Amino acid sequence: MSDAPDSVSAPLPDRDLAAIQRLGEAYQSLRAEMSKVIVGQGQVLEELLIAIFARGHCLLVGVPGLAKTLMIHTLADALNLSFSRVQFTPDLMPADITGTEVIQEDKATGLRQFKFLRGPIFANIVLADEINRTPPKTQAALLEAMQERQVTVGGERHRLPDPFFVLATQNPIEQEGTYPLPEAQLDRFMLNIAVDYPTEEEEVRIVELTTSTFKATVGKIFSGADILEFQEIVRRVPPAPYANEYAVRLARTTRRGRTESDEPDFIRDYVSWGAGPRASQYLMLAAKARAALHGKTFAGIDDIRAVAAPVLRHRIVTNFNAEADGLRPDDLINRLIETVPVNPSEAAQSGRIPPVFRPAGAR
């Protein structure tokens, strides 16, 4: 199926077109710089940048030793952003993240007053390492920061630097002594990025680089001002025809008990709870960011399908039947992509007209 639109409303002005071209070129340069330190993981890098330019936060899930921490630190260097790492442990307190107030004495006057000492969250990129190893009270300390981009200590609000991103890691193997993130907190993360093992060729290259005296340095590709500019441009990228409707339909089809009569059997059999409206928003924002990274001037259906897994996999709660049959959320997402029609003509051929494509009087 061709992803080229017949027409796109509100095309981008020449200035934005030039900026998208510059972003695409910088993206290729960034991949080249990152490859000096990180071998492979191109898909992970792309999804990280999608979240950054869509102004979202990420959860990286993978076993130990896959260079998740190194990748995020290297990315912060290449983006020329301040970086802070917080190792989450069971004894970590909220003040250890946000900061605290201490009493200081003015030696000249003898007066004592409170002074706020900033915590590690005051950085452009905050790595929350093994976020599921700290109690819920400390996990919740990230919520205000992630959503409001500020922290409140002692009744006073402190703005976080802009741009600001929380990139959290999670180990899927060891679950003993951990505190799984509640669904409400998981929903705050725009993308759930799966970090997989490298290929054999990549692993040989990793051993070559890390067991020698070779030390690579990455160049500065972006600046904070560049990222803020590109974040605004990403939101102005127009969608292709039916792209918004397709994103909404993709998210809505994950929900059970809807009023629509065309609920897929595999959703009814294997899903307890589906994705909320935030998933529809993030599908389009991520698709726009992906399109801009690839130098495209519109967000098409292919872009939505490419970001469907990282957007939806942590928003679909499967039931016991799925576990018994060995099905993961990614398997259901692949079925959704094969099932959900793209436009009215495709829906008519399949015999199912989604409500978002029906005339208002026919709903």
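Do you know which residues across region 147-171 are in a strand (DSSP E or B) and either exposed (fewer than 14 other Cβ atoms within 10 Å of the Cβ) or more than 19 Å from the chain's Cα centre (by Cα) (or both)? Walk me through how you get there before you give the answer.
Just the residues of region 147-171 that are in a strand (DSSP E or B), to begin with: 150-153, 156-159, 165-170.
Selection gives Gln150, Val151, Thr152, Val153, Glu156, Arg157, His158, Arg159.
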| remark: Residues in region 329-363 that are modelled with pLDDT of 85 or more, outside any helix (DSSP H, G or I) and either surrounded by fewer than 14 Cβ atoms within 10 Å (Cβ to Cβ) or in contact with a Gly (Cβ under 6 Å, 6 or more places away or on another chain) (or both) total 0
| Conditions (1) surrounded by 20 or more Cβ atoms within 10 Å (Cβ to Cβ); (2) without any contact (Cβ under 8 Å) to a residue 40 or more places away in the chain; (3) over 20 Å from Val342 (Cα atoms); number of the one not met by Leu283 | (3)
| query | Would a scan of region 286-307 turn up a residue that is among the charged types (D, E, K, R) and farther than 27 Å from Ala19 by Cα? | reply | no
| query | So which residues in region 172-202 are within 19 Å of Leu60 (Cβ to Cβ), at pLDDT 85 or above and part of a helix (DSSP H, G or I), if there are any at all? | reply | Leu186, Glu202
| query | Can you tell me how many residues in region 91-106 are modelled with pLDDT under 75 and in a loop (DSSP other than H, G, I, E, B)? | reply | 1
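Does Phe214 meet the test of being surrounded by fewer than 11 Cβ atoms within 10 Å (Cβ to Cβ) and assigned to a loop (DSSP other than H, G, I, E, B)?
Working: surrounded by fewer than 11 Cβ atoms within 10 Å (Cβ to Cβ): yes; assigned to a loop (DSSP other than H, G, I, E, B): yes.
The answer is yes for Phe214.
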| field | Residue that is farthest from Cys58 (Cα to Cα), among those in region 117-131 that are touching a Gly at 6+ places or on another chain (Cβ under 8 Å) and part of a strand (DSSP E or B) | value | Leu117
| request: Name the one entry in Gly110, Gly99, Gly62 that is exposed (fewer than 15 other Cβ atoms within 10 Å of the Cβ) and of a type in the set (Gly, Ala, Ser). | output: Gly110
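The values are calculated or read from the model by the stated rules, or taken from the named source; none is laboratory data. None of the values given here were measured: they were computed from a predicted structure. Neighbour counts run over all protein chains shown; Cβ positions are idealised from the backbone, glycine included.
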